Amino acid sequence: MGHSISEVVRELGFSRSTVSRVYREYTDGGKKTSDQANYKVQLALNERGLRRLSRIVRSQKNQTLAQITIQLNQGASRTDSKRTVQSSLQRMGFGSRRPTRVPLLNARHRAAHLAWAREHRE
């Protein structure tokens, strides 16, 4: 390293405990703090599986997770769990949402809305 822990703390502005921990991990040859940033999770579904999953979801949007999982595993060389399918769907941006229940507009609401629009027209 070439410098004392105190010099590194003064020079870089990190806390003494942080510098000591990183130095200890470095000298022990064990887990490095910087290794965590470079670690990539191996995805259970490959690119082809993700495309197939996307097609299944888009074809029938009202399916349950169990139905999607069964359909995905049909004819596949390996089976994926419901949890795997669920996490893949979340990463792809698919999520379950209940429709918002709103009261229907009556004639008085429509008249008030139209009056407001006429007032605020440019």
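Give, in nm to one decimal, the length gained when the segment between D28 and T64 is fully stretched (0.36 nm per residue of separation minus the Cα-Cα distance). Working shown, then result.
Details: separation 36, 0.36 × 36 = 12.96 nm, distance 4.94 nm.
Here the segment from D28 to T64 would lengthen by 8.0 nm.
The chain: longest stretch without exposed trypsin sites (Lys or Arg not before Pro) (DSSP loop, at most 11 other Cβ within 10 Å), sites themselves excluded?
Maximal segment without exposed cleavage sites: 1-30.
Full extension from S54 to Q74: what is 0.36 nm times the residue separation minus their Cα-Cα distance, to one decimal in nm? Before the final figure, lay out the partial values.
Numbers: separation 20, 0.36 × 20 = 7.20 nm, distance 1.51 nm.
The span from S54 to Q74 would gain 5.7 nm if fully extended.
Pick out which of E25, E47, E11 has the largest mean-square fluctuation in a Gaussian network model of the chain, springs linking Cα atoms closer than 10 Å.
With Cα springs under 10 Å in the chain, the top fluctuation among E25, E47, E11 is at E11.
Given N residues in the chain, what is its alpha carbon radius of gyration divided by 2.2 N^0.38 Å? All intermediate terms of the calculation are to be shown ahead of the outcome.
Details: Rg = 28.0 Å, N = 122, 2.2 N^0.38 = 13.7 Å.
In units of the 2.2 N^0.38 Å rule of thumb, it is 2.05.
Subtract the Cα-Cα distance of S20 and L104 from 0.36 nm times their separation in residues, and report this length gain in nm to one decimal. All intermediate terms of the calculation are to be shown ahead of the outcome.
Working: separation 84, 0.36 × 84 = 30.24 nm, distance 6.45 nm.
Between S20 and L104, full extension yields 23.8 nm more.
Return the distance in nm (one decimal) between the two label points of a simple spin-label model at S6 and S81, each offset 7 Å from Cα along Cα→Cβ.
Using points 7 Å along Cα→Cβ, the separation is 5.2 nm.
Identify which of A112, A66, A76 has the largest mean-square fluctuation in a Gaussian network model of the chain, with springs joining Cα atoms closer than 10 Å.
Of A112, A66, A76, the Gaussian network model singles out A112 as fluctuating most.
Please list, ordered by chain and number, the residues whose modelled amide H lies under 5 Å from the amide H of A44; skip anything fewer than 5 residues away on the same chain.
It is none; the list stays empty.
Just so you know, all these numbers are worked out from the coordinates, no wet-lab data involved. These numbers come from a predicted model, not from an experiment. In this analysis, Cβ positions are derived from the backbone assuming ideal geometry, glycine residues included, and neighbour counts consider all displayed protein chains.
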